[in-house]
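These notes are about the structure you will find just below.
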């Protein structure tokens, strides 16, 4: 890393020195150059200390993605305090849980959530100060007096995992955990002062925090924040920013791809033929993809894109292939909050669509307790591995053993060291005969169908036979069904729709061992409930099977 840093509060110093007047952060009419960014951080840092915050005190930050959110986080860690990012979409009970368990002394929040936090103060005995992000600009500038004695390997950030299992634990990350991860990622993803990003993933999420916030500021890039997460606002911001690097969850890329194909499907017949022909040429002659799909990328707000990174959830093979066809240089990452978060990245020069890439520098990955197919639990070690779970020694000991972090993910490595994820240890279905079934394997086969938007495979015990059944909960692509119905000039009945998915399940079951076959399925009317990074909350559907 150029201009080596040890503390998160200094992450922008290199950029301030080299590009003081360059735009750092922008949302609507609010802009900060790198010089102004530092001034804002220093002012708020001083204010926090003047209020009475002491080194190592916890201070939460909550609100929409914005320059003020960034300043709040940086001021907290620069003051020697511990930042506690809070998901702004959390229910009141979860907010109370996070602020109480973390023992936060204060909260910095956007104006939108100020009333909510003040209303909850009666149940938050530990909260002394509630600060509005709107007041940051009103603070008087003062001299920057560095806080002494901040330990780079000491606690810097406390992140509560939302997860898909329903349990919330507080992950302790040090300055060193995160800065070392940035240093490793830098060798895979090149970002510099000429780049611009659009911040879409919630900033409280570790993937966005490291890759979409701290790392770009260190490298002197510009971060734009859309006024809302409406597709029109995101698209307008991406076009304004002339985005060169897009970091997003797979759902956003899926929507991009879906929009392209919907547009083609509703186009005149000649256009459809041309698109299919061009797609075929692009597949056969890769260097033709960029000029052939130039207009499509421009309409998507990706006319200047040089790299796109998907993380926070799995990118389906279907979407990855479509992005490659559109000549969008996509890389996949894999990691967990507990690992700051990146563990592996697929190299642009040699991607493997089904893989989440190679371990990043300074990170070791190995597979233990392998089955006959070489699949086992993924464990890792490196400078990015968390300090532990806050005030939860039992949970810490379960996952940190002899310097290795046990991820709970199942997967394998190929001969070249590429990492493949096959499922979660906790979601594995074990039959009465002792056979192990990874629901993600079956889900991957079902989701390949264009008729399926989301799917979840869960176990269900037959009430009569008491035998374990494999059930698929399917959320259809209703837009595609409607379009199909319109093109055919027919009205599809419930039976017609059900027959489409009955045939799909039959095709998926072909060639599959008997114990893995889907025995029941249900068509859902609405999307599955998800985490902020759009992972389905699997725990809500376990042991229920269909009819949930």
Number of the exception - residue 324 against (1) in contact with a helix residue (DSSP H, G or I) (Cβ under 6 Å, 6 or more places away or on another chain); (2) at pLDDT below 85: (1)
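One line per residue, one yes/no per condition, for (1) closer than 16 Å to residue 216 by Cβ; (2) surrounded by fewer than 16 Cβ atoms within 10 Å (Cβ to Cβ):
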| residue | (1), (2) |
| --- | --- |
| 6 | no, yes |
| 10 | yes, no |
| 14 | yes, no |
| 21 | no, yes |
| 28 | no, yes |
| 34 | yes, no |
| 42 | no, no |
| 45 | no, no |
| 50 | no, yes |
Please give the number of the condition residue 330 fails out of (1) over 22 Å from residue 404 (Cβ atoms); (2) surrounded by fewer than 21 Cβ atoms within 10 Å (Cβ to Cβ); (3) at pLDDT 85 or above. (2)
Within segment 98-117, is even one residue over 16 Å from residue 61 (Cα atoms) and in the same structural domain as residue 59 (by TED's automatic domain parsing)? no
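Suppose the filter is in contact with a strand residue (DSSP E or B) (Cβ under 6 Å, 6 or more places away or on another chain), surrounded by 21 or more Cβ atoms within 10 Å (Cβ to Cβ) and farther than 23 Å from residue 57 by Cα; does residue 201 pass it?
Numbers: in contact with a strand residue (DSSP E or B) (Cβ under 6 Å, 6 or more places away or on another chain): no; surrounded by 21 or more Cβ atoms within 10 Å (Cβ to Cβ): yes; farther than 23 Å from residue 57 by Cα: yes.
So residue 201 does not fit the description; no.
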Checking residue 347 against (1) surrounded by fewer than 21 Cβ atoms within 10 Å (Cβ to Cβ); (2) in contact (Cβ under 8 Å) with a residue 40 or more places away in the chain; (3) closer than 21 Å to residue 160 by Cα, only one condition comes out false. Which one? (3)
Helices (runs of 4 or more DSSP H) completely within segment 187-298 that count 3 or more residues being farther than 22 Å from residue 354 by Cα and modelled with pLDDT of 80 or more: 215-219, 231-241
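Here's the yes/no breakdown for (1) more than 30 Å from residue 437 (Cβ to Cβ); (2) surrounded by 12 or more Cβ atoms within 10 Å (Cβ to Cβ); (3) touching a helix residue (DSSP H, G or I) at 6+ places or on another chain (Cβ under 8 Å):
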residue	(1), (2), (3)
474	no, yes, yes
478	no, yes, no
485	yes, yes, no
501	no, yes, no
506	no, no, no
510	no, no, no
513	no, no, no
516	no, yes, yes
What are the pairs with Cβ atoms under 8 angstrom where one residue, in segment 430-455, is in the same structural domain as residue 503 (by TED's automatic domain parsing) and the other, located anywhere, is at pLDDT below 75 and assigned to a loop (DSSP other than H, G, I, E, B)? Sequence gap at least six, or different chains. 432/467; 437/431
Mind listing just one residue for me: the one in segment 75-93 that is over 21 Å from the mean Cα position of the chain (by Cα) and under 21 Å from residue 337 (Cα atoms) and, of those, surrounded by the most Cβ atoms within 10 Å (Cβ to Cβ)? 76
One residue is enough: does segment 399-409 have a residue meeting the conditions surrounded by fewer than 15 Cβ atoms within 10 Å (Cβ to Cβ) and within 27 Å of residue 319 (Cα to Cα)? no
Residue check: is residue 338 closer than 26 Å to residue 206 by Cα, in contact with a strand residue (DSSP E or B) (Cβ under 6 Å, 6 or more places away or on another chain) and surrounded by fewer than 17 Cβ atoms within 10 Å (Cβ to Cβ)? no
For segment 82-92, indicate whether the set of residues that are modelled with pLDDT under 95 and more than 30 Å from residue 31 (Cα to Cα) is non-empty. yes
Selection from segment 1-34 of residues in contact with a helix residue (DSSP H, G or I) (Cβ under 6 Å, 6 or more places away or on another chain) and assigned to a helix (DSSP H, G or I) yields 8, 9, 15, 16, 34
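The values are calculated or read from the model by the stated rules, or taken from the named source; none is laboratory data. All values reported here derive from a predicted model rather than from experimental measurement. Every residue, glycine as well, gets a Cβ built from its backbone with ideal geometry; the counts of neighbours run over all protein chains shown.
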